1. From 433, 438, grab the single residue that is closer than 26 Å to residue 316 by Cα and at pLDDT below 85.
2. Scanning for something under 30 Å from the mean Cα position of the chain (by Cα), within 26 Å of residue 99 (Cα to Cα) and modelled with pLDDT of 85 or more, does the stretch 139-150 turn up at least one residue?
3. Just need a number here: residues in the stretch 113-161 that are among the polar types (S, T, N, Q), in contact (Cβ under 8 Å) with a residue 40 or more places away in the chain, more than 20 Å from residue 202 (Cα to Cα) and assigned to a helix (DSSP H, G or I).
4. Is there a residue being assigned to a loop (DSSP other than H, G, I, E, B), among the hydroxyl-bearing types (Ser, Thr, Tyr) and in the same structural domain as residue 211 (by TED's automatic domain parsing) anywhere in the stretch 82-105?
5. Under 6 Å between Cβ atoms, which residue pairs at least 6 apart in sequence (or on different chains) link something in the stretch 369-382 that is free of Cβ contacts under 8 Å to residues at least 40 places away in the same chain with a partner that is not hydrophobic (A, V, I, L, M, F, W, C)?
6. Could you look through the stretch 163-182, keep only residues that are assigned to a loop (DSSP other than H, G, I, E, B) and over 13 Å from residue 147 (Cα atoms), and pick out the one that is modelled with the highest pLDDT?
7. For the stretch 197-246, which residues satisfy the criterion of being surrounded by 20 or more Cβ atoms within 10 Å (Cβ to Cβ), assigned to a helix (DSSP H, G or I) and in contact with a Ser or Thr (Cβ under 8 Å, 6 or more places away or on another chain)?
Amino acid sequence: MSSEQSNDMAIKVANLSKCYHIYDQPRDRLKQMILPRLQRLVGMQPRRYYREFWALQDISFEVKKGETVGIVGRNGSGKSTLLQMICGTLNPTSGEVQTNGRIAALLELGSGFNPEFTGRENVYLNGVVLGLSRDEIDKRFDEIVDFADIGDFIEQPVKTYSSGMMVRLAFAVAVNVAPDILIVDEALAVGDWLFQKRCFQKIEQLVSNGTTLLFVSHDQESVRTLTHRALLLAHGQSLAWGTSSEVVLEYRKLLHEEESAYFTALLNETTTNTPSSAAEPVEAPARTNTRSELMEFGDGHARITGVRVFNSNGEECSSFYPGEQLRINVRCQALATARNLNVAIRLRNKEGVKVYSWGTLNQDISRYSDGHVKDIFWERKFQSNEEFSVDFLCDCPLGMNLYEVQACLSFEATPDYLQQRILHWVDEAAFFKVLVRKEAYFFGGICDLRMNAIWD
């Protein structure tokens, strides 16, 4: 790495690939060690006794110092393999990785811990591995123990720890050794909610102090809010690299495509085994492609034709004050005979935090629970080309900010969100802002809890 790069670049991954040899039988491994050499000696074309599995193929990206980068993808997409090669615990088949600075990695649960050693001994062991002297570890030890909050278990062998205690200690060590690069791979999902909150606060503190972060999570909200850029992996290949919001949208599209393929196969199987007189849940028309490829996706059996925001006077409005009536109108069109539909919205603030999500199915579920079986949206049937709309109303409880409305039209095989297929999803369907009259009514935060103060 050049001096200019070393001053600016934290991680550089160039054409990185990793191939594993898969043997169908144990004896094939022995054959591969011996027979190809003998075959060459007698002038034969060497035979291969294994299959190749490429966990990663030709991955390239760069991360500057102080950047926060998320990595998303389904299980088996190559995320952990990539992180292990960045950390140096796994050698690539081809390509190279260059890093600049001390790396603290929280990969697999308890990785790097000796189960026979006590928590104290493992703290010192990990500190030495990360390049700290004993004096430096001594100075940080109390802070590590306080953060881990495992009490007297610090003096017990790690093999006696629960998974939660293990991740507490591992994370405490990783974040308190002043890393230049912090790598976190799903490990925080093990801890309790309070500990996760402390972890994210610590990560934000490190990032604000210039630490580079690589963060792997299936939680799209965490990736979107905690990182600035992201990488999407699928089957070992890079599908998208860019701003986190853009990449998370591509990830949702990928998940939708895979789920759609699954339900289509399931539907075909059901159709094959069901008499022709049985009703189809949604009849598919000829495929159209009139939607924006950037901000929208879906099966196309029905579509959202417009989203608008109104005030209590029925006027289209883009500014509200807390307590004022907010009405979001979602207009839709069925492109084929359809039923079991759900129209939903999701609100995000400008920081990308999901504030609220709710749909007609949420209301239907409540009505079913109360024994109210009339006026259920999920039970409505729509004819081909029929247009319909849904109004979502509330007294605005939000704090001062800019809000994005995302709209979703989905087919729900059952009225419980357990078998969902996205028919049309629209990002940035509408926007509105909430203002606060500080001289008359003021509060802080993302929502108004309508608190009252009482005193003696």
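1. On the way: 433 fails: at pLDDT below 85.
Checking each option against the conditions leaves just 438.
2. yes
3. Going residue by residue through the stretch 113-161, those that are among the polar types (S, T, N, Q) are 114, 118, 122, 126, 133, 156, 160.
From what's left, in contact (Cβ under 8 Å) with a residue 40 or more places away in the chain: 114, 118, 122, 126.
So of that shortlist, the ones also more than 20 Å from residue 202 (Cα to Cα) come out as 114, 118, 122.
Checking which are assigned to a helix (DSSP H, G or I) leaves us with 122.
Counting residues in the stretch 113-161 that are among the polar types (S, T, N, Q), in contact (Cβ under 8 Å) with a residue 40 or more places away in the chain, more than 20 Å from residue 202 (Cα to Cα) and assigned to a helix (DSSP H, G or I) gives 1.
4. Taking the stretch 82-105 and keeping what is assigned to a loop (DSSP other than H, G, I, E, B), we get 88-93, 100-102.
Of the ones still in play, those that are also among the hydroxyl-bearing types (Ser, Thr, Tyr) are 89, 93.
From what's left, in the same structural domain as residue 211 (by TED's automatic domain parsing): 89, 93.
Scanning the stretch 82-105, I find at least one residue that is assigned to a loop (DSSP other than H, G, I, E, B), among the hydroxyl-bearing types (Ser, Thr, Tyr) and in the same structural domain as residue 211 (by TED's automatic domain parsing), so the answer is yes.
5. The qualifying pairs are 376/364; 377/360; 377/364; 378/340; 378/364; 378/415.
6. Of the stretch 163-182, the ones assigned to a loop (DSSP other than H, G, I, E, B) are 176-180.
Now restrict to residues that are over 13 Å from residue 147 (Cα atoms): 178-180.
Values: 178: 80, 179: 87, 180: 90.
The extreme case among them is 180.
7. 223, 224, 226, 244
Residues checked against (1) under 11 Å from the mean Cα position of the chain (by Cα); (2) in the same structural domain as residue 74 (by TED's automatic domain parsing):
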| residue | (1), (2) |
| --- | --- |
| 198 | no, yes |
| 207 | no, yes |
| 212 | no, yes |
| 215 | yes, yes |
| 221 | yes, yes |
| 225 | yes, yes |
| 234 | no, yes |
| 253 | no, no |
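The values are calculated or read from the model by the stated rules, or taken from the named source; none is laboratory data. None of these values were measured; they are calculated from a predicted model. Note that we place each Cβ from the backbone using ideal geometry, even for glycine, and neighbour counts take in every protein chain shown.
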